[in-house]
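Novice: Sharing a structure, written as structure tokens. Questions coming.
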């Protein structure tokens, strides 16, 4: 249920990407939206389709969705399979939602990085010059870590004893169907199994082809 806002002439958009800074940006956007009592949106962009995202990225998205619900976000927007420049996508969403203020983070860049890669901020200022930008400086030391899981593959859980066997073959004994994300650098099937249970997304740990219990685990800090 959407919250009735006092002001509709202001609209906040928070842009998040994978890493520990997303929560910080969402809280900043929520604080501004609360002060102005105006609608608040969250946007994330990925060049891959949603069904090809790894377990770590799914975990971030689930955390952001939870924060969105807790903070009364108007809409959580995922732009997947995007090949366009990030600034183009942000600008498009900003125009569509009539955004007046954008909150985003930018890792401190060296002069050489700015010349070779360009600046997202400068691109946005050219695309949407009449929107206020709140740039939250992010230190290099808190950039997102490299992925620790391989791309997901279709897998199944079959009841065995008090736990479940991991299988890659569908049979009549299958209890749950989902995606298995194997840990990088292991010869065994250790990793995360992601599936739906009671209309909720679950992630459980797999150790040597076996799930001891259906206990949701977070794989990001």
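The values are calculated or read from the model by the stated rules, or taken from the named source; none is laboratory data. It should be emphasised that the depicted structure is a prediction, and the values quoted were computed from it without experimental measurement. Because the Cβ atoms are built from the backbone with ideal geometry, glycine has one as well, and the counts that use them run over all protein chains shown.
Novice: Residues that are touching a residue at least 24 places away in the same chain (Cβ under 8 Å) and in contact with a helix residue (DSSP H, G or I) (Cβ under 9 Å, 6 or more places away or on another chain): which strands (runs of 3 or more DSSP E) entirely in region 155-218 hold 1 or more of them?
Specialist: Qualifying strands (runs of 3 or more DSSP E): 174-182, 191-197, 200-206.
Novice: Could you identify the single residue in 93, 14 that is buried (at least 16 other Cβ atoms within 10 Å of the Cβ), assigned to a strand (DSSP E or B) and modelled with pLDDT of 85 or more?
Specialist: 14
Listed here are the residues, each with its yes/no results for (1) within 17 Å of the chain's Cα centre (by Cα); (2) outside the structural domain of residue 123 (by TED's automatic domain parsing); (3) in a loop (DSSP other than H, G, I, E, B).
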| site | (1), (2), (3) |
| --- | --- |
| 25 | yes, no, no |
| 31 | no, no, no |
| 44 | yes, no, no |
| 47 | yes, no, yes |
| 58 | yes, no, no |
| 84 | no, no, yes |
| 87 | no, no, no |
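Novice: Moving to a separate point now. Answer yes if at least one residue in region 176-183 is modelled with pLDDT of 75 or more and exposed (fewer than 15 other Cβ atoms within 10 Å of the Cβ), and no otherwise.
Specialist: First, pick out the residues of region 176-183 that are modelled with pLDDT of 75 or more: 176-183.
After this cut, where a residue has to be exposed (fewer than 15 other Cβ atoms within 10 Å of the Cβ) as well, the list is 177.
Yes: region 176-183 contains one or more residues that are modelled with pLDDT of 75 or more and exposed (fewer than 15 other Cβ atoms within 10 Å of the Cβ).
Novice: Identify all residues within region 55-91 that are in contact with a helix residue (DSSP H, G or I) (Cβ under 9 Å, 6 or more places away or on another chain) and without any contact (Cβ under 8 Å) to a residue 24 or more places away in the chain; write none if there are none.
Specialist: Of everything in region 55-91, those that are in contact with a helix residue (DSSP H, G or I) (Cβ under 9 Å, 6 or more places away or on another chain) and without any contact (Cβ under 8 Å) to a residue 24 or more places away in the chain turn out to be 61, 70, 84.
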